[in-house]
1. Within region 270-293, is there a residue that is touching a residue at least 60 places away in the same chain (Cβ under 8 Å), within 28 Å of Ile35 (Cα to Cα), surrounded by 14 or more Cβ atoms within 10 Å (Cβ to Cβ) and not assigned by TED's automatic domain parsing to the domain that holds Ser188?
2. Could you tell me whether Phe97 is under 18 Å from Ser208 (Cβ atoms), buried (at least 17 other Cβ atoms within 10 Å of the Cβ) and without any contact (Cβ under 8 Å) to a residue 60 or more places away in the chain?
3. Out of all the residues in region 146-195, which are aromatic (Phe, Trp, Tyr) and surrounded by fewer than 24 Cβ atoms within 10 Å (Cβ to Cβ)?
4. Applying the selection to region 194-223, what residues are among the hydroxyl-bearing types (Ser, Thr, Tyr) and not in a loop (DSSP other than H, G, I, E, B)?
5. Of all residues in region 383-418, which are assigned to a helix (DSSP H, G or I), surrounded by 15 or more Cβ atoms within 10 Å (Cβ to Cβ) and either modelled with pLDDT of 75 or more or of a type in the set (A, V, I, L, M) (or both)?
6. Please work out which one of (1) of a type in the set (S, T, N, Q); (2) modelled with pLDDT of 95 or more; (3) surrounded by fewer than 21 Cβ atoms within 10 Å (Cβ to Cβ); (4) within 21 Å of Ile144 (Cβ to Cβ) is the condition Thr60 fails and give its number.
7. Kindly state which helices (runs of 4 or more DSSP H) lie completely within region 294-382 and contain at least 3 residues that are of a type in the set (Gly, Ala, Ser) and either crowded, with 21+ Cβ neighbours inside 10 Å or without any contact (Cβ under 8 Å) to a residue 24 or more places away in the chain (or both).
8. Identify, please: which residue in region 54-74 is under 22 Å from the mean Cα position of the chain (by Cα) and touching a residue at least 60 places away in the same chain (Cβ under 8 Å) and is, among those, nearest to Asn100 (Cα to Cα)?
Amino acid sequence: MQLIADLHIHSKYSRACSKNLTLPNIAKACEIKGIDLVSTGDFTHPAWFEHIKTELKETTPGIYSVKNSKTKFILGTEFSCIYKKGGKCRRLHLCVFAPNIETVGKIIQKLESHRFNLASDGRPILGIDAKNLLGLLLEIDENIFMIPAHAWTPWFSVFGSYSGFDSIEECFGELSPRIFAIETGLSSDPKMNWRWSALDNIALISNSDAHSLENLGREANVFNLEVEKTPNLYAEIRRILKEKDKNKFLYTIEFFPEKGKYHFDGHRLCGVSFKPKETKKLKGICPVCKQPLTIGVLRRVDDLADRAEPEPKNKIPYKNLLPLKEIIAAAFGIGDKSKKVEAEYQKLIKAGKNEFNVLLNLNAQEIAKISSPEIAEAMNKMRNGEIKLIPGFDGEYGKIEIFSEKEKGPKKQQSTLF
């Protein structure tokens, strides 16, 4: 049985996040999306922790659910560590998972004893070395595990071009063996990461980092797991990631990395973006304003990679997907926020069980039968990678066009997906 897991999201208490992000709402949205297991996010925030204790009941060790929902929750959060090391200011975002609510309570107590302000944000800023934080957490419970979030993002990540490190060992030292997975982030995919041999023994996971219900599941992980037949699902997921168990870890669901906000180098205000080779020719300087360009994920991977081509042998595979509403919008030639798109989306969800079932499992004939030939065609083009990609850069999402101008024809309006 396939279990789809999104292990990195946020609550309404995180900065720039929707007020609709409550546990019951998240559970309901996950059922519509087809997400079986989701992180609680933000478990150190006092109000959110109270919400967790009130709304969630433990169903199996380390796994929780809200009343009248089949969605399962794992206790997870994200920390922002800002500190100086090696003569540089480091800014890392780190996902942390706990085996039960009692352990979360101990984490909160320990952090409060260090005078960290946990009420300021769902993703609190901690002035502590990432290695020291990991050591502190492991003293509380050996079953806690940490995964560097969106590992390549320029500003806040373990390998970020502006504040990260050049290896896991440089960051975590003797505790490096405790880091057995990284989150690739929206602007990179596994194929890019395969170019660096230092990651050969690291599991590559993908999550939404959702700040709204709409973005839940935009990236996810697919496991071969049956909840009812897994006595300790928390421990089993930890084991699967640590051992890179290909029999249990089937594949990841990915954004097209070009759609991410930091894929190419560039300057958003100047309206210019570049491939890594072009940036090198420009010596990293914007030709418009003459200031340093924002170095994106592709360039950073290029700098650290030691293989010209990716090495897919013995790697966990992946699938690139677009959100269903964007596919519908492209077929209609209208914006994905329109009432027509919403109505068609609800129709497809009702007939197709959930969004991931439609995206992953229904064939073109089945989709055409419950919607239209145009939507089935758009779905096939997405699945086959027959789309135009305009990479994002410097904080601006990339654009993806499913239908070319010729394919749109006289009756179709332009549809550029953001």
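The values are calculated or read from the model by the stated rules, or taken from the named source; none is laboratory data. Treat the numbers as computed from the prediction; the structure is a model and nothing was measured. Cβ sites come from the backbone with ideal geometry, for glycine too, and all protein chains shown count toward neighbours.
1. No, region 270-293 has no match at all.
2. In short, no.
3. Trp155, Phe156, Tyr162, Phe165, Phe172, Phe180, Trp194
4. Going through region 194-223, the residues among the hydroxyl-bearing types (Ser, Thr, Tyr) turn out to be 197, 206, 208, 212.
Hit for region 194-223 is Ser197, nothing else.
5. Across region 383-418, the qualifying residue is only Arg383.
6. Here Thr60 meets the rest and fails (2).
7. 324-332, 339-352
8. Ranking the qualifying residues of region 54-74, first place goes to Gly62.
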